[in-house]
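Taking it in order: structure first as structure tokens, then the write-up.
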């Protein structure tokens, strides 16, 4: 700034005193810090915002040089460039790091201009500055969120790829072995549903700390999903050493976690892909480790598994099946079949189970055993479960509108569907079709019981209060303790077909069937035996006091027209030979 304009050029209607008061008001009321220095960089004036931002009072600043505010971050060369710019044609503007009275450094956006006397010599300089700490913190947070998991502070997926890619270059040059491990937690969603999100978050923090204590300082740990971690192992001597690390992680999880006075056990599934055997780049190693962990998850066991090329082919087939299954939902390729449940007292049809089938346009009828596990793994089971419930209720409404009296229809619920919103979803569907709750029975599996928390019991009680009956499907497959049955409002137990197929000749199957039926009777629960195919099986189960059977002895699962004919014809099971 070479010359200051005269006041009457800008404010022709103001007197010099009025203009002085206006300038003073602007100077003092500005929320930006202002300081004026002489030609020797001594401070001659500051405003109130200067004191608020720096902590130095007017008395503490006046007469001191600007060294008072110098942080030491900027060197002599930087200061020389600022002075050179000020001596030129215009003000200097930029960001600098200043220092407060308490010694804290802070970023500021500064504009420095000079005032020259009538001979053109710099007589004063004035600086206008703003504290931009909040802006810098926001920018830093954006960078953190872009690169790190906000909960655990660990690198996220994209940052892991960056870090491990750099490290992998060194491994390549030294012809060493490296590995990527995809680590997936088991039952985290169950814990979240039962104990709450805040407890699940605390669990994730504890798990990440336990992992960090187990791994080497050279290993790279990252959190890449809600229940997934990734470990990058560098400088391994051989492939098998990755398995040793996986065993250490599994061993570290054997001790329970203490959460709100509760002991929580968490299992792990670990998939391992090795450089250079399996892939040459980080993205491929991650993908193959994910394939391996999905393979071990499908077996429903904790443990670790190395990737193999055969898995990749199976994964491709699974992804293709998933895509076709998503299309099947919208293309009306899914259909419900109904398998009757028959009384072992009267032989009459007492109910039926709705069982999903997939009419594939080229592969024909696809077994649920093939596509339901894929649906469970991908989360598609939620959409399929909703469709099954909707279709069963639609069909029941159609029967009622036609004047047909049908027995209660049982639908299967996945453990994934069993959340706090389930009662509302069921209530909405029943209301849409104007159906009484008594027309439905809900079948759940034993795997749901191992969650064993008050939240699950609360949901069950709410369903029972609505008038819905709960049935335990595939009972005896080993997931739960028999003591669980006392806690849950189950009205019906279904003996798994695995324990029916051997009766009456296999002593172990006979003993298990007898024990289950005796237990159910003591708990006043109804018993249905699944997979009954022979008169001998029927006779044995009937003698033990089993209430109903379901199986090919009476009827396989059949489409709607065939089921209607069975009911309307009054078909009965021949109980006596």
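The values are calculated or read from the model by the stated rules, or taken from the named source; none is laboratory data. These numbers come from a predicted model, not from an experiment. Using ideal geometry, Cβ is built from the backbone for each residue, glycine included, and neighbour counts are taken over all protein chains shown.
Sort out which residues of the range 334-356 are farther than 21 Å from residue 528 by Cβ and either out of contact with any helix residue (DSSP H, G or I) (no Cβ under 6 Å at 6 or more places or on another chain) or not assigned by TED's automatic domain parsing to the domain that holds residue 564 (or both), and write them in order of number. If you could, list the steps in order and put the result at the bottom.
Of all residues in the range 334-356, those farther than 21 Å from residue 528 by Cβ come to 334-335.
Across the range 334-356, the qualifying residue is only 335.
Considering only the range 13-130, give the helices (runs of 4 or more DSSP H) lying wholly within it that have at least 2 residues that are modelled with pLDDT of 90 or more.
48-54, 58-61
Which pairs have Cβ atoms under 7 Å, sit 6 or more apart or on different chains, and link a residue in the range 498-514 that is not assigned by TED's automatic domain parsing to the domain that holds residue 531 to one that is crowded, with 17+ Cβ neighbours inside 10 Å and outside any helix (DSSP H, G or I)?
Going by the 7 Å Cβ cut-off, there are no qualifying pairs.
Please enumerate the residues belonging to the range 116-151 that are under 30 Å from residue 220 (Cβ atoms) and surrounded by fewer than 13 Cβ atoms within 10 Å (Cβ to Cβ). Please lay out each step first, then the result.
Looking only at the range 116-151, we keep the residues that are under 30 Å from residue 220 (Cβ atoms), and these are 136-151.
Correct list: 137, 138, 139, 140, 141, 142, 143, 145, 146, 150.
Given (1) touching a strand residue (DSSP E or B) at 6+ places or on another chain (Cβ under 9 Å); (2) closer than 30 Å to residue 199 by Cβ; (3) touching a residue at least 60 places away in the same chain (Cβ under 8 Å), identify the lone condition not met by residue 445.
Failing condition for residue 445: (3).
Could you go through the range 541-551 and let me know if any residue there is exposed (fewer than 15 other Cβ atoms within 10 Å of the Cβ), at negative phi and assigned to a loop (DSSP other than H, G, I, E, B).
no
Only residues that are in contact with a helix residue (DSSP H, G or I) (Cβ under 7 Å, 6 or more places away or on another chain) and assigned to a helix (DSSP H, G or I): list them for the range 387-413, please.
Hits for the range 387-413 are 387, 389, 390, 393, 395, 396.
Restricting to the range 182-196, and then to whatever is in contact with a helix residue (DSSP H, G or I) (Cβ under 6 Å, 6 or more places away or on another chain) and either modelled with pLDDT of 85 or more or part of a strand (DSSP E or B) (or both), can you tell me which residue is surrounded by the most Cβ atoms within 10 Å (Cβ to Cβ)?
My answer is 182.
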